[in-house]
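First comes the structure, then the notes that go with it.
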Amino acid sequence: MKTHNQNQNVNVKKLVWFGCIAIAVLLAFFTGYKLAHSQVSQGESLTFHLQKFSEVIANIRNSYVEVPDMADVIEGAIVGALEQLDPHSVYIPPEEEERIEEQFSGSFEGIGIQFIIYEKVITVVSPIPGTPAERMGLRTGDKITHIDDKSAYGIKEEEVFKRIRGPKGTKVKLTVRRAGIDEPLIFIITRDRIPIYSIETALMVDNQTGYILLNQFTSTTSDELEAAIDSLQKVGMKRLIFDLRNNSGGLLTQAVLVASKFIPSGKLIVYTKGRIPNSNLEYRSLSSGKHRNFPLIILVNNGSASASEIVAGAIQDLDRGLVIGTTTFGKGLVQSQIPLKDGSVLRLTTARYYTPSGRLIQRPYKLGDRSGYIDDILMDETQDTTEVDTVKREKFKTSAGRIVYGGGGITPDVKIQPTKLSLSSARLRNSRVMIDLAQQKAPELIKKYGSNFEQFQKEVTITDEMLLELVKEARRIDPKIEIKEEDVLKDREFLALTYKGELAQAVFNSRQSRYQVVVPEDELVKQALQLFPKAEEIASLPR
C-alpha cells in the first residue's frame with residue numbers, strides 16, 4: 001500500500017520491521033516442517049535469513065539511486081515470497097480486498113449496471129434486474145459519455161466504480177448515447193443497494209427439464225439456488241441440468257450447502273487435511289431431509305474449479321447424478337484468509353481438500369512455477385488428455401463401486417468435447433462486432449416485436465447474408481483482421497445462435513432473453529437431455 005511522500009521517512013523503520021515479521025511468517029509456512037524446527041537449507045538458521053533480508057532492505061533505503069517507496073519495496077518482497085509457494089497463495093492489497101469482499105458478500109451500493117469499456121467508452125452490457133438502472137430505463141448498448149457532466153471518455157474501470165457507485169440515496173447524473181436516437185439522453189439515478197447474483201439464469205429447457213447456470217459461490221448462493229429450484233418446480237420441473245462450466249469457485253461453505261440440496265443429510269461432502277490440526281475438517285450435508293431427489297446432470301469444463309469441483313465431486317462420488325463435459329481445472333487447495341493490520345489480506349494455502357471417496361482433486365504443480373500453471377488454464381479445452389492421464393492416476397471407488405480418478409480435476413462420467421471453432425470464427429466472435437450490430441439493429445426490431453419474445457424467437461432467423469455482414473463490419477473496424485468467409489459459414493450454426501442471442505439481449509434489454517435463445521440449442525445441453533436415463537440409472541445404484 002502506497003504512503004504519502006511526506007510521511008515516508010517517518011514510516012520507513014516501521015515498514016522494515018513489519019516486512020521482516022511478514023517475511024518471517026511467510027518463510028515459516030514455505031519451508032514447513034524444517035523451519036518449524038529452526039532449520040533451513042544448508043544448516044543455516046531462520047535468524048540468518050532474516051538478517052540477510054534486513055541488510056537488503058537497509059541498502060535499498062540508504063543507497064538506491066532514488067528515494068525508494070519502501071511500502072512498495074516491502075509489498076514486492078511479500079509478493080515475491082508467496083510466489084515461491086503454491087499457485088494459489090496470494091497477497092491482496094487493501095483496495096483489492098475491499099472489491100473481492102464486496103463480490104462475495106452479495107451486494108454493493110450503486111445504480112446496478114454490468115458494463116465494459118469499449119473503444120474508451122463505458123458501454124452498458126446489461127442493467128441488473130430490479131435495480132435503479134433498469135427502472136430508469138438504461139438499456140444494453142447504451143454508451144455513457146458523461147458522469148455528473150464530466151466527460152467519461154478514456155476512463156479507467158477503477159474510476160468508473162468511484163464515480164458511479166456511492167451511498168444509497170445519493171444521485172448520479174449520466175449522459176447517454178443510444179443507437180437510433182440522435183440527441184443524448186440524460187438520466188438522474190438515485191443509488192440503492194444492488195444485489196450481486198451468483199445464479200446467472202434459471203429457465204425451463206422443455207416442459208420437464210430445468211436449467212440453472214451458476215457463475216460463482218458467494219454468501220447468497222445457497223438461498224438463490226433454493227429460490228431458483230422452487231420457481232422451476234412450480235412450472236413443472238421434474239429433472240435438472242446444473243451448469244457449472246467456467247465457474248471458478250468461491251466459498252467452500254457455500255459449496256457444501258449447494259451439494260446439500262441434492263444429497264441426504266449427514267453424508268460426507270468434502271474433507272480437508274493440512275499440517276496444523278485445525279486444518280483437518282469434515283463437511284457433511286446439511287439438507288435436513290429437504291434434499292431434492294429428481295434426476296440430476298452436472299455440466300463441467302476446464303474452467304470449473306474449486307467449489308465447483310467440490311459439488312461435482314460429491315455428486316459423482318455419492319452416485320447422486322451424472323457429470324458430463326470435459327475434465328475440470330483441478331484446484332484442490334484451501335486458502336485461509338489472514339487479515340493484516342493495514343486492511344490487506346494474506347490468503348495462504350493451509351490444507352488440501354478431498355472428495356468423499358478420498359480423491360485429491362488438485363492437479364500437479366511445481367513450487368514457484370506459476371507461469372506454467374497458468375498456461376495450463378489456457379489450454380485448448382478440446383485438447384483434454386484425460387483418457388491418457390487416467391492410466392497414471394490413482395483409482396478410487398464411488399459409493400456404488402464405480403471407478404473414479406484423483407489428482408487432476410474431476411473426470412466426467414461422460415466426456416463430451418465442445419465444438420471447436422475455426423480461427424476465423426473465433427476472431428469474429430471475439431471482435432464484439434456481433435454486439436455492435438445487434439445494438440444498431442435493436443431499434444427497428446423493438447418496433448416490430450415490442451415485448452413479444454415468443455414471436456421474436458419464432459420469426460428471427462440468422463441467414464448467411466447476415467453472417468457475412470458481420471464479417472464485412474469486422475473488416476471495416478479492423479482492416480488487418482484475417483477472417484475467411486468459408487470458415488465462418490462452416491461454423492454458421494454456432495455463430496448464428498450466438499448472434500441471435502445478442503439480438504435478443506439488445507431488443508429485450510435482458511440477459512435472460514439471451515439465455516432463452518442460446519441454452520436450448522447449446523450442444524452440451526442437448527446431449528444432456530439424451531443422458532437422463534443414465535443419470536437415473538446411476539442414482540438408483542445400490543450403495
* Asked: Most exposed first by the Cβ proxy, i.e. fewest other Cβ within 10 Å, how do 193, 292 rank?
  -> 193, 292
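Helix by helix, which DSSP H runs in the chain go 30 Å or more along their axis at the Cα atoms and have an average Kyte-Doolittle hydropathy of -0.5 or more?
Details: long enough: 8-36 (38 Å, 1.14).
What comes out of the filter, once short or polar helices are dropped, is 8-36.
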* To do: Would you calculate the volume per residue, in Å³, of the smallest convex hull containing every Cα atom of the range 230-302?
  => 113 Å³
* Against the rule of thumb 2.2 N^0.38 Å, how large the Cα Rg of the range 217-375 comes out -> 1.08
* Asked: To one decimal place, what Kirkwood hydrodynamic radius in Å is obtained for the chain from all pairs of distinct Cα atoms?
  -> 26.3 Å
* Asked: Based on the Kirkwood radius over alpha-carbon pairs, what is the Stokes-Einstein translational diffusion coefficient of the range 117-200 at 4 °C with 1.567 mPa s viscosity, in µm²/s?
  -> 97 µm²/s
* Asked: In deg cm²/dmol and to the nearest 500, what is the mean residue ellipticity at 222 nm of the chain if only DSSP H runs of at least 4 residues count, each as -39500 (n - 2.57), divided by the residue total?
  -> -12500 deg cm²/dmol
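If you count, for each residue, the other Cβ atoms within 10 Å and average over each peptide, how do 258-266, 48-56, 112-120 line up from highest to lowest? Provide the component values of the computation, followed by the final result.
Values: 258-266: 20.6, 48-56: 13.3, 112-120: 16.1.
The densest-packed peptide leads the list: 258-266, 112-120, 48-56.
Arrange 279, 357 by Cβ neighbour counts within 10 Å, fewest through most, would you?
Details: 279 15, 357 20.
Fewest-to-most ranking of 279, 357: 279, 357.
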* Pairs beyond 27 Å (Cα-Cα), from 171/448; 238/526; 458/490; 168/331; 490/526; 156/447 -> 171/448; 168/331; 156/447
* To do: Measure of size requested: the Rg and Dmax of the range 495-535, with Cα atoms as the atom set and Å as the unit; please supply both.
  => 12.4, 39
* To do: Starting from the Cα gyration tensor of the range 423-509, take the square roots of the eigenvalues, sort them a ≥ b ≥ c, and report rounded, prolate or oblate (rounded when a/c is under 1.5, otherwise prolate if a/b is larger than b/c, else oblate).
  => prolate
* Asked: Excluding same-chain residues fewer than 8 positions from residue 52, which lysines have a Cα within less than 20 Å of its Cα?
  -> 13, 14, 34
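Coordinate-derived values only; no laboratory data. Quick caveat: nothing in here was measured; it's all calculated off a predicted structure. Every residue, glycine among them, receives a Cβ derived from its backbone with ideal geometry; neighbour counts consider all protein chains shown.
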